[in-house]
Amino acid sequence: MRHSLLALFTLLFLNAACDENTSGNSNCGDGVVDIGEDCDGDDLAGESCPGLGYYGGDPSCTEDCTLDISACEAEGRCGDGVFQEDQEECEDGDLRGQSCETLGMGSGVLGCSNTCSFDYSECSGFFNCGNGSVEGGEECDGSDLNQQTCLSLGFYGGELSCLSGCQFDLADCATYGACGDGIIDYENGESCDGTNIVGSCGGMGYRGGELHCTEDCQVDDSECREAGMCGDGIVQSTAESCDGTNLDGQTCESLGYFPGELACLTEYCTWDVSDCQGRRFTRVTSGLDFSCALDTEGDAWCWGRNNYGQLGVNDTLQRDVPTAVVMPWGLAFLEISCGGYSCCALANDGQFYCWGQNTFGQLGTAEENGESVLVPGQVSTVLSFGPNLMVAVGETHACAVKSNNGLYCWGDNTSGKCGQPASQDKLYTPTAYPISGEMLSQGVRIATVTLGNNHTCVIDTADKVWCMGNNEHGQLGIGTSDATAHPVFEYVGDRIPGAVVSIEAGALHTCAINDAGQVWCWGEGANGQLGSNVTESATPLQADVGSSTPARISCGGTHTCMVDTAGASKCTGNGTMGALGDGDIVDSNSFVLSLGSGNYTEISAGTEHTCAVDEEGYIWCWGSNVGGALGIGSVLTQSATPLLTAYP
């Protein structure tokens, strides 16, 4: 009885233990191969496709911890019924048309071994397999391996043996791997294997090319090196201005600067002109793919597209560095404004001078032939009797404010943007705006003016805003939008709270700063240029400027930029060409911080680029470089971060 109870307890204990160990793969997924599991996660229990007899591939582990050899099977193995030309002589009885006779082994029956190599044992010319000595077509014979090893056959280890058919048995060799098995064996000096290559030319900093793998499993980067990289001391002309100490024969003077020590920014392979001597800039203004600036001497410098002579250098060749404008004799400019393909400036004799495109009479020279003017020419008639306060240039029209607060406009009068009946399409000389209607009844005059593509806005002497011209996108800010002409100033008024201290018009939108340090924008906003997620507004909306207090604002084609009181640049709107300067090429519907010096005093947004002046008098530009609009002396197509212009 005692022995029976003991046996019963023993059976119960064993049964409980068995239940505990076979309750399922409860630990599957913990990364450790347990009893009952083939593998677990990345732990394949040492298995490999070659180790399983396949010619290549990598096994993987399924979610239920069984080995997935589908990738191995895709590479094939001896005995799978598929002839692998690079690996096999025959396959499962398929002798590929060969015989003892065709292989020079006499007559008889040619066979296929279990390693998919020819078995000559039944050939009359192969009598000696098994005699322990390598003869004829034998690879080996018994222990005679013909002085070969796994290493001599290209494998990294293993024990070579001989099959009964006097062919090498490579199974153990294959478990140690070899160059050509598609698996990178770093421990044995491989840096690649076949098409298995880690990295790319671009990831290594090269300008182009493709990596290849050599027959001895080493990365071949010769194509990368042919494409070059910043830092190799060779100037790749399509992407670099210089490289290290290789300045490509350039000097401060050849780039348009005064003498000094030209250097190369080693990180970017672009010019470092900080030691080139030159003038300091005070103002910058931008048009369509070009910009102009005034230096401390009152001389104008322009760069970029020059198809209408808008650079004022007496030709129509584009410049990719700031180039001196042909100034009126003995004069200096006090103010300058550019838009579209033309510019106007106020000189120290109190007169206005304009140059560039004149298709619409926007130079105010009274010439009706539409011919471009390649150097600054004096605006005619009434404005020659100064003094004058300011000038603004739009895409195809221009306006000036005289010291008596009278407004004069000339050029394209589409939609009445020059303040004349829309039936009068062009004004070839400055024409006075006849103050009337509500502006007359309020008894105010005009203090400052700004121009968009087809609209005009002003701040009056009571610090309120008025706009006229095209209102199709609500750019007049009067609460409604329509496609009719507005040749008389409409009152924006208290739609902007407080006193307005600054205003700027873009292509189809307008923005203003009030005395509370707020930015208000209206008109077209599809790219975020209003500083909000509203795509169009006929009523001024407060823009999102974060914690900044704006000091300057400028509106471009489809983006808006400002300089805050701390000297930082922030932009909103179309960023696809890098015009926001934040290092990205995407749009933004709120003002984002531009990179760069962060101590800007002036800013100007062009059609697809932006330029700013810092407190040291340097100019930085970013965005599209079409026509050389960034003035950096480089063939770069665009830059999403501010770049220092070449310095005169």
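The values are calculated or read from the model by the stated rules, or taken from the named source; none is laboratory data. In this text the structure is predicted, and so the values were computed from the model without any measurement. Here the Cβ positions follow ideal geometry from the backbone for every residue, glycine too, while neighbour counts run over all protein chains shown.
Listed here are the residues, each with its yes/no results for (1) of a type in the set (A, V, I, L, M, F, W, C); (2) under 21 Å from Cys173 (Cα atoms).
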site	(1), (2)
Ala45	yes, yes
Cys65	yes, no
Ala71	yes, yes
Glu75	no, yes
Thr102	no, no
Val109	yes, no
Glu138	no, yes
Gln147	no, yes
Ser152	no, yes
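Here are some residues: Cys116, Cys129. Which one is of a type outside the set (Asp, Glu), closer than 24 Å to Ser99 by Cβ and either within 58 Å of the chain's Cα centre (by Cα) or not in a loop (DSSP other than H, G, I, E, B) (or both)?
Values: Cys129 fails: either within 58 Å of the chain's Cα centre (by Cα) or not in a loop (DSSP other than H, G, I, E, B) (or both).
Only one candidate qualifies: Cys116.
Kindly list the number of the only condition in (1) within 21 Å of Ala505 (Cβ to Cβ); (2) in a loop (DSSP other than H, G, I, E, B) that fails for Ala551.
Among (1) within 21 Å of Ala505 (Cβ to Cβ); (2) in a loop (DSSP other than H, G, I, E, B), Ala551 violates only (2).
Quick one: is Cys252 out of contact with any Lys or Arg (no Cβ under 9 Å at 6 or more places or on another chain), assigned to a strand (DSSP E or B) and of a type outside the set (A, V, I, L, M)?
Working: out of contact with any Lys or Arg (no Cβ under 9 Å at 6 or more places or on another chain): yes; assigned to a strand (DSSP E or B): no; of a type outside the set (A, V, I, L, M): yes.
Considered against the rule, which asks whether it is out of contact with any Lys or Arg (no Cβ under 9 Å at 6 or more places or on another chain), assigned to a strand (DSSP E or B) and of a type outside the set (A, V, I, L, M), Cys252 comes out as no.
In segment 345-360, how many residues are part of a strand (DSSP E or B) and among the hydroxyl-bearing types (Ser, Thr, Tyr)?
Within segment 345-360, the subset part of a strand (DSSP E or B) is 345-347, 352-356.
Okay, now just the ones that are also among the hydroxyl-bearing types (Ser, Thr, Tyr), so 353.
Adding up the residues that qualify gives 1.
Somewhere in segment 483-503, is a residue under 28 Å from Met577 (Cα atoms) and buried (at least 20 other Cβ atoms within 10 Å of the Cβ)?
Yes, because at least one residue in segment 483-503 is under 28 Å from Met577 (Cα atoms) and buried (at least 20 other Cβ atoms within 10 Å of the Cβ).
Of the residues Gly194, Gly209, Gly233, which single one is of a type in the set (Gly, Ala, Ser), at positive phi and crowded, with 17+ Cβ neighbours inside 10 Å?
Of the residues listed, the single one that is of a type in the set (Gly, Ala, Ser), at positive phi and crowded, with 17+ Cβ neighbours inside 10 Å is Gly209.
Pairs only if they're at least six apart or on different chains, beta carbon under 7 angstrom, first in segment 343-367 and in contact (Cβ under 8 Å) with a residue 24 or more places away in the chain and under 16 Å from Leu407 (Cα atoms), second hydroxyl-bearing (Ser, Thr, Tyr) and surrounded by fewer than 20 Cβ atoms within 10 Å (Cβ to Cβ); list them, first residue then second.
Every condition considered, the pairs that remain are Gln351/Ser384; Gly364/Ser380; Gly364/Thr429.
This table checks each residue for (1) out of contact with any strand residue (DSSP E or B) (no Cβ under 6 Å at 6 or more places or on another chain); (2) surrounded by fewer than 23 Cβ atoms within 10 Å (Cβ to Cβ); (3) of a type outside the set (Lys, Arg); (4) in a strand (DSSP E or B).
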residue	(1), (2), (3), (4)
Leu580	no, no, yes, no
Gly583	no, yes, yes, no
Thr601	no, yes, yes, yes
Ser604	no, no, yes, yes
Cys611	no, no, yes, yes
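From the set of residues in segment 407-428 that are surrounded by fewer than 18 Cβ atoms within 10 Å (Cβ to Cβ) and among the small types (Gly, Ala, Ser), which is modelled with the highest pLDDT?
For segment 407-428, the residue satisfying everything is Ser423.
I'd like the full set of residues that are surrounded by fewer than 20 Cβ atoms within 10 Å (Cβ to Cβ), in contact with a strand residue (DSSP E or B) (Cβ under 6 Å, 6 or more places away or on another chain) and small (Gly, Ala, Ser), limited to segment 151-181.
Hits for segment 151-181 are Gly154, Ser161.
Go over the candidates Thr316, Thr296 one by one and state the one that is surrounded by fewer than 23 Cβ atoms within 10 Å (Cβ to Cβ), touching a Phe, Trp or Tyr at 6+ places or on another chain (Cβ under 9 Å), modelled with pLDDT under 95 and of a type in the set (S, T, N, Q).
Working: Thr316 fails: modelled with pLDDT under 95.
Thr296 is the lone residue from the list that is surrounded by fewer than 23 Cβ atoms within 10 Å (Cβ to Cβ), touching a Phe, Trp or Tyr at 6+ places or on another chain (Cβ under 9 Å), modelled with pLDDT under 95 and of a type in the set (S, T, N, Q).
Go through (1) more than 30 Å from Pro642 (Cα to Cα); (2) crowded, with 18+ Cβ neighbours inside 10 Å; (3) in contact with a helix residue (DSSP H, G or I) (Cβ under 7 Å, 6 or more places away or on another chain) for Ile184 and report which single condition fails.
(3)
Right, Gly531: crowded, with 23+ Cβ neighbours inside 10 Å and touching a His at 6+ places or on another chain (Cβ under 8 Å) or not?
Here the answer is no, as Gly531 does not meet what is asked.
For (1) crowded, with 18+ Cβ neighbours inside 10 Å; (2) over 20 Å from Asp289 (Cβ atoms), each residue gets a yes or a no:
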residue: Ala332; (1), (2): no, yes
residue: Gly350; (1), (2): no, yes
residue: Asn369; (1), (2): no, yes
residue: Asn388; (1), (2): yes, yes
residue: Val391; (1), (2): yes, yes
residue: Thr396; (1), (2): yes, no
residue: Asn405; (1), (2): no, yes
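Scan (1) surrounded by 13 or more Cβ atoms within 10 Å (Cβ to Cβ); (2) assigned to a loop (DSSP other than H, G, I, E, B); (3) not aliphatic (A, V, I, L, M) for the single condition Cys264 breaks and write down its number.
Evaluating Cys264 over (1) surrounded by 13 or more Cβ atoms within 10 Å (Cβ to Cβ); (2) assigned to a loop (DSSP other than H, G, I, E, B); (3) not aliphatic (A, V, I, L, M) leaves (2) as the failure.
Going through Gly598, Gly617, Gly578, Gly606 one at a time, which residue ends up being closer than 20 Å to Asn306 by Cα and either assigned by TED's automatic domain parsing to the domain that holds Asp272 or not hydrophobic (A, V, I, L, M, F, W, C) (or both)?
Result of the check over Gly598, Gly617, Gly578, Gly606: Gly606.
Give the number of residues within segment 613-633 that are assigned to a loop (DSSP other than H, G, I, E, B), touching a Gly at 6+ places or on another chain (Cβ under 9 Å) and buried (at least 22 other Cβ atoms within 10 Å of the Cβ).
Here the count works out to 5.
For segment 621-637, what are the residues that are within 10 Å of Met577 (Cβ to Cβ) and either in contact with a helix residue (DSSP H, G or I) (Cβ under 9 Å, 6 or more places away or on another chain) or among the basic types (Lys, Arg) (or both)?
Thr637
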